[in-house]
Amino acid sequence: MKPTLTQNTIMEEDPTATAERKKNPRRYSLVHQASCETQHHIGVRRQNTIQHRKQLNDQMRGQKIFQQLNDEGIELIFAANEGCIEFSVIMSSTDTLPNFFTDIINSLKSANVQIAHIESRPGKVAGLDVLADCRATKRELIEAASFLTKLHNSLTAFSVFKKKSNEVEVWFPRHISDLDRCSKCITKYEPTTDPRHPGHGDEEYIARRKFLNDQALEFQFGDEIENVDYTETEHATWKAVYEKLGDLHESHTCSVYRDNLKVLQEEGVLTSDRIPQMRDVNKFLQKRTGFELRPCSGLLSARDFLASLAFRVFQTTTYLRHHKSPHHSPEPDLIHELLGHVPMFSDPLLAQMSQDIGLMSLGASDENIEKLATVYWFIVEFGLCKEDGKLKAIGAGLLSAYGELIHACSNTPEHRDFDPVVTAVQKYEDDDYQPLYFVADSIHDALAKLRKYASTMDRPFSVIYDPFTKSIETIKSSVDLEKAFSRLSNDLSAITRAADRMKIITSA
Ligand SMILES: [Fe+2]
């Protein structure tokens, strides 16, 4: 769909930026990270199941049932301890219903399995399926399965499923200090190994990058961020990017970005001559929105990156792009973080929305993390909005890269209205500028839609952030809810008292 708005004045793409991009196509993306993480988890689970199936088969002397059992059933039985487990079992047969039902009841009863619910339905392929919700110990379940296999010759499938529960299964950080454990790198894009990296072959750059990454890796919660003694080459790279991007601010960036950038400049946090220290940026952000930058050593997994936002922490790379490629960086670097993201985290509403998205990512499934990362990537990194009938950048990836900023706002790529449901499954171009960009009404509108979208994702619990202890409370029961209400009621009564006071003053 073509946009119904006027494109910005067409600007020629900068030849330097074009050459840099073509020589060093982009490799890194949060979407790619999320997808790799999902595939990694699938692979690990598969390997575990193969191993567990073999172990159970050996223990049960090769009983036929363990060759037929589904993967989830294998994992459920393998993980079960001595206590009772609740499960659903689907059994399939080509025999008649009365015969099958009789054999099932006899088998389950003989093994002492308790049946809470049982029903039949036509089989998916042929014959019939019987579903039973049961409760039994691991030993009783295995015994019932063995009885049924022996008793009923026409049995074609026996699948066991875990009963849905409110248990939280995926680990996620509960306190801001747990972010020390959130530094998983799924893929690496290193100048040491990848000839497409702009720093490939430059030993001095490689050593500098390693030094800064090692320093970031050592950072732990409670440490004071160390000031970095940036080299003159690094300051010059910063200045070149800062000044060149400055030419496009008025014409190509959204008003929220411009307003916040202006404050950062007026307060002397961002200047063209020197790279700011992360500690100074944090002092500014803490005062404005409570956000803070935390040094990270490279490319984090999408899950860890999003989880950090829940604590108003932004994981920040500390190395700079290569000085020979200042206008196109194939990966996030300090310039991208400072010029692209920091002005947005200075905005109270955007800070709140970013944290909400982080909170909604905690404990989410791999599939949902991948969707969330894709939407986040297309909007927070490469999103556009409409202002005065023109396209303006809201994404940090555009706000920190001259060449792509011009490209994104021009007539060359396709532009579509932002809809998180559509964006969540959009393929991302890894090796070149995007052929498609999503356009929101504004950055606030985009993040509000993203937040609403994230809230529709299924999760068996809710979370609340406690800003006093910087920790996450999980709401799983009415007791948890009551506690949360009682804490909030103090805040609400203070607001109510303030409102009453205002009424008195207004009516006086
Ligand atoms: Fe970024």
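The values are calculated or read from the model by the stated rules, or taken from the named source; none is laboratory data. Only a predicted model underlies this, so the values are computations on that prediction, with no experimental measurement involved. Backbone-built Cβ (ideal geometry, glycine too); neighbour counts: all protein chains shown.
Worth a mention:
- Set side by side, the residues V256, V228 differ, and just one is part of a loop (DSSP other than H, G, I, E, B) and among the aliphatic types (A, V, I, L, M), which is V228.
- Residue within segment 429-437 that is more than 15 Å from the ligand (Cβ to nearest atom) and over 27 Å from N368 (Cβ atoms) present: yes
- Residues of segment 377-421 classified as more than 28 Å from L309 (Cα to Cα), polar (S, T, N, Q) and crowded, with 21+ Cβ neighbours inside 10 Å, total: 0
- With respect to the conditions (1) surrounded by fewer than 23 Cβ atoms within 10 Å (Cβ to Cβ); (2) under 18 Å from L300 (Cα atoms), A373 lacks only one, and its number is (1).
- A17 meets the conditions (1) surrounded by fewer than 16 Cβ atoms within 10 Å (Cβ to Cβ); (2) at pLDDT below 80 in every case but one. The failed one is (1).
- Count - residues of segment 199-225 that are of a type outside the set (A, V, I, L, M, F, W, C) and either assigned to a helix (DSSP H, G or I) or touching a Gly at 6+ places or on another chain (Cβ under 7 Å) (or both): 10
- Filtered residues of segment 37-67 (kept if crowded, with 16+ Cβ neighbours inside 10 Å, modelled with pLDDT under 80 and part of a helix (DSSP H, G or I)): E37, T38, L56, N57, I65, F66
- Condition check for L270: surrounded by 15 or more Cβ atoms within 10 Å (Cβ to Cβ) and either within 26 Å of the chain's Cα centre (by Cα) or without any contact (Cβ under 8 Å) to a residue 12 or more places away in the chain (or both): no
- Unique match (being touching a Phe, Trp or Tyr at 6+ places or on another chain (Cβ under 7 Å) and either at negative phi or at pLDDT 95 or above (or both)) among V228, V313, V241, V269: V269
- The C-beta contact set for segment 334-357 (first residue within 23 Å of D466 (Cβ to Cβ) and of a type in the set (G, A, S), second residue part of a helix (DSSP H, G or I) and within 14 Å of the ligand (Cβ to nearest atom), distance under 6 angstrom, 6+ apart or interchain) comprises A351/F345; S354/L309.
- When V263, V281 are checked against the criterion of being more than 23 Å from the chain's Cα centre (by Cα), under 25 Å from R208 (Cβ atoms), of a type in the set (A, V, I, L, M) and assigned to a helix (DSSP H, G or I), a single residue qualifies: V281.
- Criterion violated by F468 - all others in (1) outside any helix (DSSP H, G or I); (2) in contact with a strand residue (DSSP E or B) (Cβ under 6 Å, 6 or more places away or on another chain); (3) without any contact (Cβ under 8 Å) to a residue 24 or more places away in the chain satisfied: (2)
- Verdict on K287 being at pLDDT 95 or above, more than 16 Å from H341 (Cβ to Cβ) and either in a helix (DSSP H, G or I) or not assigned by TED's automatic domain parsing to the domain that holds P326 (or both): yes
- Subset of segment 141-165 (residues that are of a type in the set (A, V, I, L, M) and out of contact with any Leu (no Cβ under 8 Å at 6 or more places or on another chain)): L141, I142, L151, A157
- With respect to the conditions (1) of a type outside the set (D, E, K, R); (2) touching a residue at least 24 places away in the same chain (Cβ under 8 Å); (3) touching a His at 6+ places or on another chain (Cβ under 8 Å), M457 falls short on a single one, namely (3).
- Strands (runs of 3 or more DSSP E) fully within segment 299-414 counting 1 or more residues that are within 12 Å of the ligand (Cβ to nearest atom) and not hydroxyl-bearing (S, T, Y): 313-317
- Beta carbons closer than 7 Å, at least 6 apart along the sequence or on distinct chains, pair a first residue in segment 165-194 that is farther than 16 Å from S462 by Cα with a second that is modelled with pLDDT of 90 or more and aliphatic (A, V, I, L, M) for I176/V313; L179/V313; C182/A307; P191/I206; T192/I206.
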